[in-house]
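Read the structure below first, then the notes.
The values are calculated or read from the model by the stated rules, or taken from the named source; none is laboratory data. Quick caveat: nothing in here was measured; it's all calculated off a predicted structure. Note that each Cβ is placed from the backbone with ideal geometry, even for glycine, and that neighbours are counted across all protein chains shown.
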Amino acid sequence: MYVCLCKGVSDKAIRQSVEEGARSWREVQLETGCGTQCGKCACMAKGITREAIRETLVACSEELAYAV
């Protein structure tokens, strides 16, 4: 689904940005341009970013040989 109509950024693009190493909303924003024009999408995009980061960190911790 499109999150940012101004810049044409989808939720998949946000998740891909996180998969490629973005670890904050600011990094996602710089990479995708999401939320830089009118800002109406920022709240939804921040939520998607937060969720994607959480999922990525959980996946990384499951790959460890021992509990952290």
Just one of (1) loosely packed, with under 13 Cβ neighbours inside 10 Å; (2) in a strand (DSSP E or B) trips up Gly39, so point out which. (2)
Which numbered condition Ala45 fails, given (1) loosely packed, with under 12 Cβ neighbours inside 10 Å; (2) assigned to a helix (DSSP H, G or I); (3) touching a residue at least 24 places away in the same chain (Cβ under 8 Å): (1)
Do we have Ala42 as modelled with pLDDT of 95 or more and either aromatic (Phe, Trp, Tyr) or at negative phi (or both) here? yes
Among (1) surrounded by 15 or more Cβ atoms within 10 Å (Cβ to Cβ); (2) modelled with pLDDT under 95, there is one condition Trp25 misses while meeting the rest; what is its number? (2)
If we ask which residues in segment 48-67 are among the charged types (D, E, K, R), part of a helix (DSSP H, G or I) and either touching a Lys or Arg at 6+ places or on another chain (Cβ under 7 Å) or exposed (fewer than 13 other Cβ atoms within 10 Å of the Cβ) (or both), their number turns out to be 2
